[in-house]
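Every number here is computed from the coordinates shown, using simple stated rules; none is lab data. Keep in mind it's a predicted model, so treat the numbers as computed, not measured. We place every Cβ from the backbone using ideal geometry, glycine too, and count neighbours over all the protein chains shown.
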Amino acid sequence: MAVRTANVSRHYRMGDALVRAVDGISVDIRAGEFVALLGASGSGKSSLLNLVAGLDSPTSGAVTVHGNDLAALSREQLAKYRLHTVGMVFQSFNLIASMSLLENVELPMRFAEVDRLERAALARESLERVGLGGRISHRPMELSGGEQQRASLARALINQPKLLLADEPTGNLDSRTGTEIMELIRSFNQSLGMTVLMVTHEQALAEKYAGRMLHLADGKLVDDLSNSGAREIPVQPAAQGRKTE
Amino acid sequence: MKFYDVADLAVRNLRESIFRNSLTTIGISVGVASLVAMLSLGIGLQQLASRRLQESGLFDTVVVTSRRDLHNFREQREVGPPPAESPVLDEGARSKIAQIPGVVEAYPDIRFITDLRMDGKTHLTMVAAVPFSAKNNNDAFDSLQGSFFSSAEAAEAILQKSFAEELLGITPKPGTDSTSLAELARPLLGKELTMRYAERASSSSSSSSSSSSSAEGQSDRAAYSVISRERVLKIIGLTDLDPDSLRGGARARVFLPLKLAESLHIMQPNLRDTSASDAPSYTSLSVRVENPNQVPAIEGAIKKMGFGAFSLVDASRSMRQFFSVLDAFLAIFGSLALAVASIGIVNTLVMAILERRREIGIMKALGASDADVRGLFFAEAGAMGLVGGAAGVTLGWLIGRAINFGTNIYLKRQNFPMAQIWSVPLWLVLGAIGFSIVVSLVSGLYPASRAARLDPVQALRYE
């Protein structure tokens, strides 16, 4: 199993209110699956993604990725997990403005202490793979949104992660560019056998590219459908709006 | 992250906010400059004082006496045999002492009162012999008018200023400017003085000298004669300082080369004449050592040989202690500016965290560990410390040089010799840069740990 969440919850306080961003979600994702996390804004999609990414810790429950119980890992081990097991793509690309594309893509390899010459060659290769071989010395601001997201994708894949986590990767792109990005993600999913967990609120996009769709509402998993329409787990009752107490 | 990558990213980040970081670095450099300038003056003054004292011969010299002369004194605590059994301080003892490791030379203290004649007038004064090595080791000859002895045995004399005034019949009036050394030297240099002295000769040689007024010794032990001789000396130099100031009351006013004085076998009032041999023994020897630090050990070794020995090394130790305290005070005052600069570093780095909050979040999401983030901020602080330290040392060096220049102009106007009152040794350069880096790293502790603790989810949300 690539990802397993066991009754995982992430609650936090906002003033006097307790926000249940993720509320008891249990789900299994097999290696090589392309899974879309769907739901309205505030439904807990990104929070669940952050828990799987090891960026956040659950209030209760467990997240296991490729046999690693993330709650049991130290901060140092979590950093290594993010470095080697997970690749992340963000809605706002999150490229570092002061660095060229090549340097941005090289950045995770600096943390992995890869030799300078080797990482430059790998970063160049990765940028060529996403069609940016001619733009390696450009700064992010000199590129279009689609190009930035492709560079972001090249960076996410540079350490050959087993799991690609994409948080609204087409959210800031027009539909044509968004489709290009989704095609790239699908090609990596299929050619590299990489598990993809993608947050989106576009049902059509999810239906087109994902093999499985997890619908979240109020921090709960309300539906788990394969693209063929088969339901994977019993649906939990959905409540209206974000649940606070 | 590897060191190179940390350094590379740190430099890149510093360049991104170059104006603010430059201001912070200038703050550090001003702090380091004040520290370096203060300490360079303290060290310079210490070196000047040490050099002067070393050149004066007071601190690298051990005066050796025969303890036989002390048989009338109580000296129960002295090392070595009782005074009566103490060895004779003769030529053999002199060569033994000269062979002690660290001893540069051992020479007898030759001084005597005699008549000196010039232009028909006779002047009675104290004459002392000076070793040829005093040319480079004795600051009394720094302001010499004329020249030092041309050779170790040259029939030449250097006059002390007061004796030169006496020869020229000048009496300095109190409250008025004394005649300058150059003015005194003009009529005297090159002139000849006739020195009358009593030669101590062995009885065999004295018997062959019919022209001498020999004085045969009364006892069996005094196997030598005293012959009245004259020697013409050429005046080649004038000095206004006393090269033999250690002697206090017995200050000489005319100086001869030591080898010349030894070859003349001058009868001295302090020469011990109890030896059966016609070879002289000495009341005291001056032993010059390589380094003042060796003085106590050599003093001890000489005492073990049965001689009396004393030096002024304790005074030198007190002086070093004084300068250590002075340097410490100067360093504390100099460091105050650096302490203020360190607040600037904290401020700059905290600002950098706020500005780069999202960037830190991205780095953490990409796999940067807390140590990577902490190391990056440390490196930025260290780089500012390194650049600020290097610039500060340069600035401090320039300030010290300027103060030295100004001081020398003042000294020149006051008719004092020029002096180097400032010194920037290599250890100060490296120490100041190192201290600057350490202070910067300490200042970076809080910002670096704050950056490392940032919650990546919160940081990624930051706009």
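If you put +1 on each Lys and Arg Cβ and -1 on each Asp and Glu Cβ, how big is the dipole of region A:35-185 around its Cα centre, in Debye rounded to 20? If you can, show how the numbers build up before the last one.
On the way: 15 positive and 17 negative charges, 23 e Å.
Computed about the Cα centre, the dipole is about 120 debye.
Between B:K121 and B:Q321, residue separation times 0.36 nm minus the direct Cα-Cα distance comes to 66.9 nm.
What net charge is computed for the residues neighbouring A:T200, neighbours being all others with C-beta under 10 Å from the C-beta of A:T200, Lys and Arg scored +1, Asp and Glu -1? Don't skip to the end; give the middle numbers.
Details: positive: A:K45; negative: A:D167, A:E168, A:E202.
Result for the local shell: -2.
The mean number of Cβ atoms from other chains found within 10 Å of a Cβ in peptide A:87-94 is 3, as a whole number.
Listed peptides B:27-33, A:143-149, B:115-121 appear in the order B:27-33, A:143-149, B:115-121 once ranked by packing, highest mean of other Cβ atoms within 10 Å at the front. Site pair B:L430 and A:H84 shows an inter-label distance of 4.0 nm when each label is modelled 7 Å from Cα along Cα→Cβ. Could you tally the net charge around B:R356, taking each other residue with its Cβ under 11 Å from the Cβ of B:R356, Lys/Arg +1 and Asp/Glu -1? In short, -2. Note on region B:378-424: Cα-Cα pairs beyond 16 Å make up 53% of the total pair count. Estimated at 0.36 nm per residue, the fully extended path between B:R413 and B:R12 surpasses their Cα-Cα distance by 139.1 nm.
Net charge near A:E168: determine it from the other residues with C-beta under 12 Å of the C-beta of A:E168, scoring Lys and Arg +1 and Asp and Glu -1.
Within the 12 Å Cβ shell, the charges total -1.
Identify, among A:T177, A:S187, A:T200, the residue whose Cα sits farthest towards the positive end of the charge dipole of region A:166-207, taking +1 on the Cβ of Lys and Arg and -1 on the Cβ of Asp and Glu, with the dipole about the Cα centre. Toward the positive end, the furthest listed residue is A:S187. Calculation over all alpha carbon pairs of region A:141-202 in 10 angstrom steps from 0 returns a P(r) of 22, 58, 20, 1 percent. Inter-chain Cβ neighbour count for A:102-115, averaged per residue, equals 4 (cutoff 10 Å, partner chain atoms only). Shielding by partners for peptide A:52-58, expressed as the average number of C-beta atoms from other protein chains within 10 Å of each residue's C-beta, is 3.
Would you give the gap between the C-alpha center of region A:12-38 and the C-alpha center of region B:402-463, rounded to a whole Å? Their Cα centres are 52 Å away from one another.
The distance between label points at A:H66 and B:K304 comes to 7.4 nm (points 7 Å beyond Cα on the Cα→Cβ vector). A P(r) calculated from all alpha carbon pairs of the protein assembly as shown, with 10 Å bins opening at zero, reads 3, 11, 15, 13, 10, 7, 7, 7, 8, 8, 6, 4, 2, 0, 0 percent.
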